[in-house]
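Peer 1: Before anything else, here's the structure in question.
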There are 2 protein chains.
Amino acid sequence: MPTHQEQEQPRRRQARGERRIAQLLEAAASVFTSTGYAAASTNAIAREAGVSPGTLYQFFPNKEAIAIELGQRLMADMRAAYGQALAPIDPATPLEQAVAAAVDRFIDFNCHNPVFFTLMHGPDVPGRMAEEHDALHNTLITRVEDLLSPLLPDRPAAAVTRIAHVCMALYMAGLELVLASEGDEREAYVQELKDVLFRYLDPLVGDRLRDAQATAATTATPGAAASTAASNPTP
Amino acid sequence: MPTHQEQEQPRRRQARGERRIAQLLEAAASVFTSTGYAAASTNAIAREAGVSPGTLYQFFPNKEAIAIELGQRLMADMRAAYGQALAPIDPATPLEQAVAAAVDRFIDFNCHNPVFFTLMHGPDVPGRMAEEHDALHNTLITRVEDLLSPLLPDRPAAAVTRIAHVCMALYMAGLELVLASEGDEREAYVQELKDVLFRYLDPLVGDRLRDAQATAATTATPGAAASTAASNPTP
DNA sequence: GACAAACACGAGTCGTCGCTCGCATTCTGA
DNA sequence: TCAGAATGCGAGCGACGACTCGTGTTTGTC
(Lines give C-alpha, C1' and ligand atoms only; values in the text may rest on other atoms or scores of the structure.)
Protein backbone atom coordinates (compact mmCIF):
# COMPACT_ATOMS: atom_id res chain seq x y z
CA MET A 1 0.00 0.00 0.00
CA PRO A 2 1.60 3.26 -1.15
CA THR A 3 1.58 5.82 1.59
CA HIS A 4 0.36 9.23 0.80
CA GLN A 5 1.97 11.75 3.09
CA GLU A 6 0.76 14.70 1.06
CA GLN A 7 -1.24 17.13 3.11
CA GLU A 8 -3.64 18.18 0.44
CA GLN A 9 -5.61 21.32 1.04
CA PRO A 10 -9.36 20.95 1.18
CA ARG A 11 -10.64 20.72 -2.34
CA ARG A 12 -13.53 22.93 -3.25
CA ARG A 13 -16.50 20.58 -3.48
CA GLN A 14 -19.40 21.08 -5.80
CA ALA A 15 -22.94 20.20 -4.76
CA ARG A 16 -22.65 17.07 -6.89
CA GLY A 17 -19.58 16.04 -4.93
CA GLU A 18 -21.31 16.45 -1.59
CA ARG A 19 -24.16 14.35 -2.89
CA ARG A 20 -21.74 11.64 -4.01
CA ILE A 21 -20.05 11.65 -0.61
CA ALA A 22 -23.37 11.18 1.15
CA GLN A 23 -24.27 8.45 -1.33
CA LEU A 24 -20.96 6.69 -0.80
CA LEU A 25 -21.23 6.89 2.98
CA GLU A 26 -24.72 5.46 2.84
CA ALA A 27 -23.51 2.63 0.64
CA ALA A 28 -20.56 2.06 2.96
CA ALA A 29 -22.90 1.92 5.93
CA SER A 30 -24.96 -0.71 4.17
CA VAL A 31 -21.98 -2.83 3.17
CA PHE A 32 -20.26 -2.49 6.56
CA THR A 33 -23.45 -3.51 8.32
CA SER A 34 -23.95 -6.62 6.25
CA THR A 35 -20.36 -7.83 5.96
CA GLY A 36 -18.35 -6.01 8.62
CA TYR A 37 -15.57 -3.52 8.06
CA ALA A 38 -12.69 -5.83 7.16
CA ALA A 39 -14.67 -7.97 4.74
CA ALA A 40 -16.18 -4.96 3.00
CA SER A 41 -14.39 -4.24 -0.29
CA THR A 42 -14.14 -0.73 -1.64
CA ASN A 43 -15.27 -2.05 -5.01
CA ALA A 44 -18.42 -3.39 -3.37
CA ILE A 45 -19.06 -0.02 -1.75
CA ALA A 46 -18.61 1.75 -5.08
CA ARG A 47 -20.89 -0.78 -6.79
CA GLU A 48 -23.52 -0.34 -4.07
CA ALA A 49 -23.35 3.41 -4.61
CA GLY A 50 -23.55 2.97 -8.36
CA VAL A 51 -20.19 4.55 -9.13
CA SER A 52 -16.79 3.32 -10.26
CA PRO A 53 -13.92 2.56 -7.89
CA GLY A 54 -12.05 5.56 -9.24
CA THR A 55 -14.89 7.88 -8.28
CA LEU A 56 -14.83 6.57 -4.73
CA TYR A 57 -11.16 7.46 -4.45
CA GLN A 58 -11.95 10.94 -5.72
CA PHE A 59 -13.53 11.61 -2.34
CA PHE A 60 -11.75 9.34 0.11
CA PRO A 61 -8.01 8.71 0.25
CA ASN A 62 -8.49 5.13 1.40
CA LYS A 63 -10.88 2.63 2.90
CA GLU A 64 -10.14 3.68 6.46
CA ALA A 65 -11.13 7.27 5.75
CA ILE A 66 -14.58 6.11 4.75
CA ALA A 67 -15.16 4.41 8.08
CA ILE A 68 -13.67 7.33 9.99
CA GLU A 69 -15.83 9.90 8.26
CA LEU A 70 -18.84 7.66 8.80
CA GLY A 71 -18.02 7.33 12.47
CA GLN A 72 -17.63 11.06 12.88
CA ARG A 73 -20.92 11.83 11.18
CA LEU A 74 -22.61 9.18 13.27
CA MET A 75 -21.28 10.67 16.49
CA ALA A 76 -22.36 14.13 15.36
CA ASP A 77 -25.83 12.82 14.56
CA MET A 78 -26.05 11.15 17.93
CA ARG A 79 -24.92 14.24 19.77
CA ALA A 80 -27.39 16.36 17.84
CA ALA A 81 -30.32 14.04 18.30
CA TYR A 82 -29.73 12.64 21.76
CA GLY A 83 -27.23 14.92 23.43
CA GLN A 84 -29.73 15.85 26.04
CA ALA A 85 -30.23 12.20 26.89
CA LEU A 86 -26.69 12.22 28.19
CA ALA A 87 -27.11 15.36 30.24
CA PRO A 88 -26.89 14.80 33.99
CA ILE A 89 -29.93 13.01 35.32
CA ASP A 90 -32.42 15.03 37.23
CA PRO A 91 -32.09 13.53 40.71
CA ALA A 92 -35.83 13.80 41.16
CA THR A 93 -36.64 11.23 38.46
CA PRO A 94 -36.53 7.65 39.66
CA LEU A 95 -33.56 5.64 38.47
CA GLU A 96 -35.77 3.12 36.74
CA GLN A 97 -37.31 5.75 34.51
CA ALA A 98 -33.99 7.44 33.82
CA VAL A 99 -32.46 4.13 32.72
CA ALA A 100 -35.50 3.25 30.63
CA ALA A 101 -35.44 6.62 28.89
CA ALA A 102 -31.72 6.44 28.13
CA VAL A 103 -32.02 2.88 26.84
CA ASP A 104 -35.00 3.76 24.67
CA ARG A 105 -33.22 6.67 23.07
CA PHE A 106 -30.05 4.77 22.35
CA ILE A 107 -31.83 1.68 21.13
CA ASP A 108 -33.83 3.87 18.81
CA PHE A 109 -30.70 5.50 17.45
CA ASN A 110 -28.96 2.19 16.96
CA CYS A 111 -31.94 0.61 15.25
CA HIS A 112 -31.95 3.45 12.76
CA ASN A 113 -28.17 3.39 12.38
CA PRO A 114 -27.05 -0.22 12.66
CA VAL A 115 -23.59 0.66 11.34
CA PHE A 116 -22.88 2.30 14.63
CA PHE A 117 -22.88 -1.03 16.38
CA THR A 118 -20.75 -2.61 13.67
CA LEU A 119 -18.11 0.11 13.91
CA MET A 120 -18.08 0.10 17.71
CA HIS A 121 -18.13 -3.60 18.19
CA GLY A 122 -16.00 -4.89 15.34
CA PRO A 123 -12.61 -6.18 16.42
CA ASP A 124 -11.57 -6.13 12.76
CA VAL A 125 -10.20 -2.61 12.82
CA PRO A 126 -6.68 -2.11 11.55
CA GLY A 127 -4.28 0.69 12.40
CA ARG A 128 -5.48 4.23 12.71
CA MET A 129 -9.11 3.18 12.64
CA ALA A 130 -8.70 1.68 16.09
CA GLU A 131 -7.87 5.14 17.43
CA GLU A 132 -11.10 6.56 16.12
CA HIS A 133 -12.84 3.53 17.55
CA ASP A 134 -11.30 4.12 20.95
CA ALA A 135 -12.02 7.83 20.81
CA LEU A 136 -15.65 7.08 20.13
CA HIS A 137 -15.75 4.54 22.91
CA ASN A 138 -14.03 6.83 25.38
CA THR A 139 -16.36 9.68 24.56
CA LEU A 140 -19.29 7.48 25.44
CA ILE A 141 -17.62 6.16 28.57
CA THR A 142 -16.95 9.70 29.76
CA ARG A 143 -20.55 10.63 29.14
CA VAL A 144 -21.73 7.68 31.16
CA GLU A 145 -19.32 8.58 33.93
CA ASP A 146 -20.67 12.10 34.04
CA LEU A 147 -24.12 10.61 34.15
CA LEU A 148 -23.27 8.28 37.01
CA SER A 149 -21.00 10.39 39.18
CA PRO A 150 -23.75 12.51 40.73
CA LEU A 151 -25.54 9.28 41.62
CA LEU A 152 -22.40 7.77 43.16
CA PRO A 153 -20.86 10.68 45.03
CA ASP A 154 -18.97 8.67 47.62
CA ARG A 155 -17.26 6.20 45.27
CA PRO A 156 -13.66 6.57 44.17
CA ALA A 157 -13.16 7.69 40.59
CA ALA A 158 -11.75 4.30 39.59
CA ALA A 159 -14.91 2.58 40.76
CA VAL A 160 -17.10 5.00 38.83
CA THR A 161 -15.03 4.37 35.71
CA ARG A 162 -15.36 0.67 36.20
CA ILE A 163 -19.10 0.90 36.65
CA ALA A 164 -19.34 3.01 33.50
CA HIS A 165 -17.42 0.36 31.57
CA VAL A 166 -19.72 -2.32 32.89
CA CYS A 167 -22.78 -0.28 31.89
CA MET A 168 -21.43 0.22 28.38
CA ALA A 169 -20.60 -3.45 28.04
CA LEU A 170 -24.04 -4.46 29.27
CA TYR A 171 -25.65 -2.03 26.90
CA MET A 172 -23.65 -3.28 23.93
CA ALA A 173 -24.47 -6.87 24.81
CA GLY A 174 -28.16 -6.08 25.07
CA LEU A 175 -28.04 -4.11 21.86
CA GLU A 176 -26.66 -7.10 20.03
CA LEU A 177 -29.62 -9.19 21.16
CA VAL A 178 -32.05 -6.42 20.30
CA LEU A 179 -30.66 -5.92 16.81
CA ALA A 180 -30.71 -9.66 16.18
CA SER A 181 -34.44 -9.93 16.92
CA GLU A 182 -37.61 -8.33 15.65
CA GLY A 183 -41.10 -7.34 16.70
CA ASP A 184 -42.31 -8.53 20.08
CA GLU A 185 -39.12 -10.44 20.71
CA ARG A 186 -37.18 -7.23 20.23
CA GLU A 187 -39.43 -5.38 22.67
CA ALA A 188 -38.95 -8.14 25.20
CA TYR A 189 -35.16 -7.88 24.93
CA VAL A 190 -35.34 -4.12 25.34
CA GLN A 191 -37.24 -4.65 28.56
CA GLU A 192 -34.70 -7.22 29.74
CA LEU A 193 -31.90 -4.77 29.05
CA LYS A 194 -33.63 -2.11 31.09
CA ASP A 195 -34.11 -4.58 33.92
CA VAL A 196 -30.47 -5.63 33.81
CA LEU A 197 -29.18 -2.07 33.99
CA PHE A 198 -31.66 -0.97 36.60
CA ARG A 199 -31.09 -3.94 38.86
CA TYR A 200 -27.34 -3.53 38.51
CA LEU A 201 -27.35 0.17 39.33
CA ASP A 202 -30.14 0.33 41.87
CA PRO A 203 -28.21 -1.19 44.79
CA LEU A 204 -25.28 1.09 44.07
CA VAL A 205 -27.43 4.19 43.87
CA GLY A 206 -29.67 2.83 46.59
CA ASP A 207 -26.91 3.34 49.12
CA ARG A 208 -27.00 7.02 48.41
CA LEU A 209 -30.79 7.18 48.51
CA ARG A 210 -30.94 5.23 51.71
CA ASP A 211 -28.31 7.51 53.22
CA ALA A 212 -30.24 10.56 52.09
CA GLN A 213 -33.45 9.16 53.42
CA ALA A 214 -31.76 8.16 56.65
CA THR A 215 -30.58 11.72 57.15
CA ALA A 216 -34.03 12.95 56.25
CA ALA A 217 -35.54 10.44 58.62
CA THR A 218 -33.62 11.83 61.55
CA THR A 219 -35.45 15.11 61.08
CA ALA A 220 -38.74 13.77 59.74
CA THR A 221 -40.87 10.63 59.96
CA PRO A 222 -38.89 7.39 60.01
CA GLY A 223 -40.52 4.52 58.17
CA ALA A 224 -40.52 4.93 54.37
CA ALA A 225 -36.95 3.68 54.01
CA ALA A 226 -37.85 0.35 52.42
CA SER A 227 -37.78 1.27 48.74
CA THR A 228 -36.66 -2.12 47.53
CA ALA A 229 -35.83 -3.19 44.02
CA ALA A 230 -38.80 -5.50 43.58
CA SER A 231 -41.18 -2.80 42.40
CA ASN A 232 -41.14 -4.10 38.86
CA PRO A 233 -43.80 -6.64 37.84
CA THR A 234 -42.31 -8.14 34.68
CA PRO A 235 -44.93 -10.22 32.83
CA MET B 1 -25.56 -31.93 -9.11
CA PRO B 2 -24.76 -35.31 -7.60
CA THR B 3 -23.43 -34.94 -4.12
CA HIS B 4 -19.93 -36.20 -4.01
CA GLN B 5 -19.90 -38.42 -1.02
CA GLU B 6 -16.20 -38.72 -1.47
CA GLN B 7 -15.39 -38.89 2.18
CA GLU B 8 -11.76 -39.60 2.27
CA GLN B 9 -11.05 -42.48 4.53
CA PRO B 10 -9.28 -41.41 7.66
CA ARG B 11 -5.65 -41.36 6.90
CA ARG B 12 -3.54 -43.49 9.16
CA ARG B 13 -1.76 -40.95 11.32
CA GLN B 14 1.61 -41.60 12.85
CA ALA B 15 2.51 -40.31 16.28
CA ARG B 16 4.53 -37.59 14.60
CA GLY B 17 1.42 -36.45 12.72
CA GLU B 18 -0.66 -36.22 15.87
CA ARG B 19 2.06 -34.15 17.46
CA ARG B 20 2.15 -31.83 14.44
CA ILE B 21 -1.63 -31.42 14.61
CA ALA B 22 -1.50 -30.46 18.26
CA GLN B 23 1.38 -28.10 17.50
CA LEU B 24 -0.50 -26.50 14.64
CA LEU B 25 -3.67 -26.08 16.69
CA GLU B 26 -1.71 -24.46 19.47
CA ALA B 27 -0.10 -22.09 16.99
CA ALA B 28 -3.48 -21.36 15.43
CA ALA B 29 -4.93 -20.58 18.85
CA SER B 30 -2.13 -18.15 19.45
CA VAL B 31 -2.49 -16.42 16.09
CA PHE B 32 -6.29 -16.33 16.24
CA THR B 33 -6.17 -14.82 19.70
CA SER B 34 -3.80 -12.05 18.75
CA THR B 35 -5.16 -11.14 15.31
CA GLY B 36 -8.63 -12.64 15.04
CA TYR B 37 -9.74 -15.39 12.69
CA ALA B 38 -10.13 -13.45 9.46
CA ALA B 39 -6.84 -11.59 9.75
CA ALA B 40 -4.90 -14.71 10.67
CA SER B 41 -2.97 -16.08 7.68
CA THR B 42 -2.31 -19.77 7.29
CA ASN B 43 1.31 -18.94 6.51
CA ALA B 44 1.54 -17.14 9.85
CA ILE B 45 0.10 -20.16 11.63
CA ALA B 46 2.58 -22.46 9.92
CA ARG B 47 5.44 -20.10 10.76
CA GLU B 48 4.30 -19.91 14.40
CA ALA B 49 4.29 -23.70 14.50
CA GLY B 50 7.73 -23.83 12.85
CA VAL B 51 6.60 -25.76 9.78
CA SER B 52 6.08 -24.96 6.11
CA PRO B 53 2.69 -24.01 4.63
CA GLY B 54 2.62 -27.31 2.76
CA THR B 55 2.91 -29.26 5.98
CA LEU B 56 -0.05 -27.41 7.42
CA TYR B 57 -2.18 -28.50 4.45
CA GLN B 58 -1.06 -32.07 5.03
CA PHE B 59 -3.31 -32.09 8.08
CA PHE B 60 -6.05 -29.57 7.38
CA PRO B 61 -7.94 -29.18 4.10
CA ASN B 62 -8.32 -25.43 4.58
CA LYS B 63 -8.20 -22.57 7.05
CA GLU B 64 -11.77 -23.11 8.23
CA ALA B 65 -11.06 -26.68 9.22
CA ILE B 66 -8.39 -25.48 11.62
CA ALA B 67 -10.82 -23.25 13.46
CA ILE B 68 -13.50 -25.93 13.47
CA GLU B 69 -11.19 -28.58 14.88
CA LEU B 70 -9.96 -26.08 17.43
CA GLY B 71 -13.53 -25.23 18.43
CA GLN B 72 -14.44 -28.88 18.81
CA ARG B 73 -11.44 -29.67 20.96
CA LEU B 74 -12.14 -26.61 23.06
CA MET B 75 -15.73 -27.66 23.64
CA ALA B 76 -14.58 -31.14 24.55
CA ASP B 77 -12.06 -29.71 27.00
CA MET B 78 -14.70 -27.55 28.55
CA ARG B 79 -17.15 -30.37 28.89
CA ALA B 80 -14.47 -32.58 30.41
CA ALA B 81 -13.22 -29.98 32.85
CA TYR B 82 -16.37 -28.11 33.77
CA GLY B 83 -19.27 -30.28 32.74
CA GLN B 84 -20.39 -30.61 36.29
CA ALA B 85 -20.52 -26.84 36.60
CA LEU B 86 -23.38 -26.95 34.15
CA ALA B 87 -25.23 -29.69 35.96
CA PRO B 88 -28.54 -28.58 37.48
CA ILE B 89 -28.01 -26.37 40.45
CA ASP B 90 -28.61 -27.84 43.84
CA PRO B 91 -31.65 -25.84 44.93
CA ALA B 92 -30.30 -25.74 48.45
CA THR B 93 -27.35 -23.53 47.53
CA PRO B 94 -28.15 -19.84 47.47
CA LEU B 95 -28.38 -18.31 44.01
CA GLU B 96 -25.58 -15.88 44.73
CA GLN B 97 -23.12 -18.67 45.43
CA ALA B 98 -24.28 -20.74 42.48
CA VAL B 99 -23.77 -17.79 40.14
CA ALA B 100 -20.40 -16.98 41.65
CA ALA B 101 -19.23 -20.56 41.29
CA ALA B 102 -20.34 -20.83 37.67
CA VAL B 103 -18.75 -17.51 36.79
CA ASP B 104 -15.49 -18.44 38.49
CA ARG B 105 -15.24 -21.71 36.62
CA PHE B 106 -15.97 -20.25 33.24
CA ILE B 107 -13.77 -17.23 33.74
CA ASP B 108 -10.98 -19.58 34.71
CA PHE B 109 -11.48 -21.66 31.59
CA ASN B 110 -11.59 -18.62 29.36
CA CYS B 111 -8.51 -17.08 30.91
CA HIS B 112 -6.61 -20.27 30.17
CA ASN B 113 -8.12 -20.58 26.69
CA PRO B 114 -8.54 -17.08 25.33
CA VAL B 115 -9.17 -18.43 21.82
CA PHE B 116 -12.54 -19.58 22.97
CA PHE B 117 -13.72 -16.04 23.33
CA THR B 118 -12.25 -15.06 19.97
CA LEU B 119 -14.00 -17.89 18.17
CA MET B 120 -17.31 -17.33 19.93
CA HIS B 121 -17.34 -13.59 19.68
CA GLY B 122 -15.76 -12.90 16.32
CA PRO B 123 -18.21 -11.69 13.70
CA ASP B 124 -15.57 -12.42 11.08
CA VAL B 125 -16.64 -15.97 10.42
CA PRO B 126 -17.32 -16.93 6.83
CA GLY B 127 -19.54 -19.71 5.54
CA ARG B 128 -19.52 -23.07 7.22
CA MET B 129 -17.57 -21.78 10.21
CA ALA B 130 -20.64 -19.85 11.27
CA GLU B 131 -22.52 -23.12 11.64
CA GLU B 132 -19.95 -24.47 14.04
CA HIS B 133 -20.04 -21.15 15.83
CA ASP B 134 -23.82 -21.36 16.17
CA ALA B 135 -23.70 -24.97 17.25
CA LEU B 136 -21.26 -24.07 19.99
CA HIS B 137 -23.39 -21.15 21.04
CA ASN B 138 -26.59 -23.17 21.04
CA THR B 139 -25.00 -25.90 23.09
CA LEU B 140 -24.13 -23.36 25.73
CA ILE B 141 -27.57 -21.73 25.56
CA THR B 142 -29.22 -25.09 26.07
CA ARG B 143 -27.01 -25.79 29.04
CA VAL B 144 -27.92 -22.47 30.59
CA GLU B 145 -31.60 -23.16 29.93
CA ASP B 146 -31.34 -26.48 31.69
CA LEU B 147 -29.63 -24.70 34.51
CA LEU B 148 -32.31 -22.04 34.77
CA SER B 149 -35.50 -23.97 34.13
CA PRO B 150 -35.72 -25.58 37.59
CA LEU B 151 -35.32 -22.11 39.04
CA LEU B 152 -38.03 -20.65 36.81
CA PRO B 153 -40.68 -23.35 36.76
CA ASP B 154 -43.68 -21.14 36.04
CA ARG B 155 -42.24 -19.24 33.09
CA PRO B 156 -43.07 -20.13 29.51
CA ALA B 157 -40.29 -21.80 27.57
CA ALA B 158 -39.80 -18.75 25.36
CA ALA B 159 -39.14 -16.60 28.40
CA VAL B 160 -36.61 -19.08 29.77
CA THR B 161 -34.84 -19.13 26.41
CA ARG B 162 -34.77 -15.37 26.35
CA ILE B 163 -33.38 -15.19 29.86
CA ALA B 164 -30.73 -17.74 28.91
CA HIS B 165 -29.71 -15.60 25.93
CA VAL B 166 -29.52 -12.56 28.17
CA CYS B 167 -27.34 -14.43 30.66
CA MET B 168 -25.01 -15.59 27.91
CA ALA B 169 -24.77 -12.09 26.47
CA LEU B 170 -24.08 -10.62 29.89
CA TYR B 171 -21.45 -13.22 30.54
CA MET B 172 -19.72 -12.61 27.22
CA ALA B 173 -19.78 -8.87 27.79
CA GLY B 174 -18.28 -9.28 31.24
CA LEU B 175 -15.72 -11.72 29.94
CA GLU B 176 -14.51 -9.18 27.42
CA LEU B 177 -13.89 -6.69 30.22
CA VAL B 178 -12.20 -9.32 32.35
CA LEU B 179 -9.89 -10.48 29.57
CA ALA B 180 -8.98 -6.89 28.76
CA SER B 181 -7.79 -6.18 32.30
CA GLU B 182 -5.30 -7.67 34.70
CA GLY B 183 -4.60 -8.18 38.36
CA ASP B 184 -6.83 -6.37 40.82
CA GLU B 185 -8.76 -4.70 38.06
CA ARG B 186 -9.59 -8.10 36.65
CA GLU B 187 -10.77 -9.35 40.02
CA ALA B 188 -12.95 -6.29 40.36
CA TYR B 189 -14.58 -6.92 37.00
CA VAL B 190 -15.19 -10.54 37.90
CA GLN B 191 -17.02 -9.35 40.99
CA GLU B 192 -19.05 -6.86 38.95
CA LEU B 193 -20.03 -9.63 36.56
CA LYS B 194 -21.21 -11.79 39.43
CA ASP B 195 -23.20 -8.87 40.79
CA VAL B 196 -24.79 -8.19 37.44
CA LEU B 197 -25.90 -11.78 36.93
CA PHE B 198 -27.07 -12.24 40.49
CA ARG B 199 -29.04 -9.02 40.58
CA TYR B 200 -30.59 -9.81 37.24
CA LEU B 201 -31.64 -13.32 38.19
CA ASP B 202 -32.50 -12.84 41.85
CA PRO B 203 -35.83 -11.07 41.31
CA LEU B 204 -36.86 -13.70 38.76
CA VAL B 205 -35.98 -16.57 41.02
CA GLY B 206 -37.30 -14.62 43.95
CA ASP B 207 -40.77 -14.90 42.49
CA ARG B 208 -40.47 -18.63 42.74
CA LEU B 209 -39.36 -18.44 46.33
CA ARG B 210 -42.16 -16.09 47.17
CA ASP B 211 -44.62 -18.36 45.37
CA ALA B 212 -43.29 -21.32 47.28
CA GLN B 213 -43.73 -19.44 50.49
CA ALA B 214 -47.23 -18.42 49.44
CA THR B 215 -48.08 -22.04 48.63
CA ALA B 216 -46.72 -23.09 51.97
CA ALA B 217 -48.89 -20.44 53.59
CA THR B 218 -52.04 -21.52 51.74
CA THR B 219 -51.44 -25.13 52.72
CA ALA B 220 -52.59 -24.11 56.18
CA THR B 221 -55.86 -22.85 54.67
CA PRO B 222 -57.18 -25.74 52.56
CA GLY B 223 -59.07 -25.24 49.29
CA ALA B 224 -57.01 -22.50 47.62
CA ALA B 225 -54.06 -24.74 46.72
CA ALA B 226 -54.99 -24.86 43.02
CA SER B 227 -54.13 -21.20 42.51
CA THR B 228 -50.47 -21.80 41.75
CA ALA B 229 -49.91 -22.82 38.15
CA ALA B 230 -47.06 -25.23 38.67
CA SER B 231 -47.09 -26.97 41.98
CA ASN B 232 -43.43 -27.40 42.56
CA PRO B 233 -42.52 -30.27 44.89
CA THR B 234 -39.95 -28.68 47.13
CA PRO B 235 -36.84 -30.84 46.76
C1' DG C 1 16.96 -54.07 3.26
C1' DA C 2 12.86 -52.92 0.47
C1' DC C 3 8.68 -50.86 -0.36
C1' DA C 4 4.87 -47.91 0.54
C1' DA C 5 2.76 -44.67 3.10
C1' DA C 6 3.06 -40.68 5.93
C1' DC C 7 5.53 -36.53 6.61
C1' DA C 8 7.97 -32.30 5.25
C1' DC C 9 9.35 -28.66 2.28
C1' DG C 10 8.87 -24.03 -0.12
C1' DA C 11 8.64 -21.94 -4.52
C1' DG C 12 4.87 -21.09 -7.24
C1' DT C 13 -0.22 -20.48 -8.90
C1' DC C 14 -4.42 -18.10 -8.75
C1' DG C 15 -7.77 -15.06 -7.16
C1' DT C 16 -8.98 -10.94 -4.58
C1' DC C 17 -8.58 -6.38 -2.99
C1' DG C 18 -6.91 -1.74 -2.21
C1' DC C 19 -5.76 1.61 -4.99
C1' DT C 20 -3.91 4.32 -9.45
C1' DC C 21 -3.80 6.43 -13.92
C1' DG C 22 -5.01 8.25 -18.18
C1' DC C 23 -8.64 10.13 -20.25
C1' DA C 24 -13.63 11.80 -20.91
C1' DT C 25 -17.38 14.65 -19.18
C1' DT C 26 -19.65 18.30 -16.47
C1' DC C 27 -19.67 22.36 -13.87
C1' DT C 28 -18.08 27.20 -12.39
C1' DG C 29 -16.63 31.76 -12.81
C1' DA C 30 -14.90 35.60 -15.26
C1' DT D 1 -17.48 31.65 -24.28
C1' DC D 2 -13.98 29.06 -22.64
C1' DA D 3 -10.16 27.81 -19.50
C1' DG D 4 -9.60 25.16 -15.64
C1' DA D 5 -11.34 22.71 -11.90
C1' DA D 6 -14.22 19.11 -10.25
C1' DT D 7 -16.29 14.89 -11.29
C1' DG D 8 -16.52 10.31 -13.42
C1' DC D 9 -14.87 6.06 -15.57
C1' DG D 10 -12.82 1.28 -15.60
C1' DA D 11 -8.92 -1.44 -16.97
C1' DG D 12 -5.10 -2.63 -14.61
C1' DC D 13 -1.06 -2.65 -11.11
C1' DG D 14 1.11 -4.45 -7.02
C1' DA D 15 0.71 -6.90 -2.88
C1' DC D 16 -0.96 -10.40 -0.21
C1' DG D 17 -3.06 -14.65 1.14
C1' DA D 18 -5.10 -19.34 0.54
C1' DC D 19 -3.75 -23.22 -1.35
C1' DT D 20 -0.92 -26.74 -4.69
C1' DC D 21 2.67 -29.57 -6.51
C1' DG D 22 6.87 -31.81 -7.41
C1' DT D 23 10.30 -33.54 -4.81
C1' DG D 24 12.89 -35.26 -0.96
C1' DT D 25 12.96 -37.49 3.92
C1' DT D 26 11.28 -40.38 7.77
C1' DT D 27 8.66 -44.25 9.58
C1' DG D 28 6.23 -48.62 9.89
C1' DT D 29 5.96 -53.38 7.96
C1' DC D 30 7.37 -57.57 5.55
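The values are calculated or read from the model by the stated rules, or taken from the named source; none is laboratory data. Please read all numbers here as calculations on a predicted model, not as lab measurements. Here the Cβ is made from the backbone with ideal geometry for all residues, glycine too, and neighbour counts use every protein chain on show. Ligands, DNA and RNA are excluded from the accessible area calculation, which covers all protein heavy atoms including side chains. Shrake-Rupley method; radii C 1.70, N 1.55, O 1.52, S 1.80 Å.
Peer 1: Which net charge results for the neighbourhood of A:Cys111, defined as the other residues with beta-carbon distances under 12 angstrom from its beta-carbon, given Lys and Arg at +1 and Asp and Glu at -1?
Peer 2: Cβ neighbours under 12 Å give a net charge of -2.
Peer 1: Treating the range B:99-210 as a set of equal point scatterers at the Cα positions, no solvent, please give the Debye-formula log₁₀ I(q)/I(0) at q = 0.13, 0.14 Å⁻¹.
Peer 2: These q points yield log10 I(q)/I(0) values of -0.54, -0.63.
Peer 1: Mind checking B:26-36 for the average number of partner chain beta-carbons within 10 Å of each residue's beta-carbon?
Peer 2: Other-chain Cβ atoms within 10 Å of each residue's Cβ, averaged: 1.
Peer 1: Something else now. Once ligands and nucleic acids are excluded and a 1.4 Å probe is used, how much of A:Lys63 is accessible, expressed in Å² to the nearest 10?
Peer 2: Probe radius 1.4 Å; accessible area of A:Lys63 about 50 Å².
Peer 1: Around B:Ala81, what is the net charge, scoring Lys/Arg as +1 and Asp/Glu as -1 over all other residues with Cβ under 10 Å from its Cβ?
Peer 2: With Lys, Arg at +1 and Asp, Glu at -1, the net is 0.
Peer 1: Separate question: Determine the sum of side-chain charges near B:Gly71: Lys and Arg each +1, Asp and Glu each -1, restricted to other residues whose C-beta is under 15 angstrom from that of B:Gly71.
Peer 2: In short, -4.
Peer 1: Let me ask something else. Taking the alpha-carbon distance from A:Lys63 and a cut-off under 19 Å, which aspartates and glutamates remain once sequence neighbours fewer than 8 residues away in the same chain are dropped?
Peer 2: A:Lys63 reaches A:Glu6, A:Glu8, A:Glu18, A:Glu26, A:Glu48, A:Asp124, A:Glu131, A:Glu132, A:Asp134, B:Asp124.
Peer 1: Still on this model: Under a cut-off of 19 Å between alpha-carbon atoms, report the lysines in cross-link reach of B:Lys194, not counting same-chain residues fewer than 8 places apart.
Peer 2: Counting by Cα, and skipping residues close in sequence, B:Lys194 has these lysines nearby: A:Lys194.
Peer 1: Inside 10 Å of the C-beta atoms of A:50-58, what's the mean count of C-beta atoms belonging to other chains? Mind dumping the intermediate values first?
Peer 2: Numbers: counts 0, 0, 0, 0, 0, 0, 0, 0, 0.
That works out to 0 on average.
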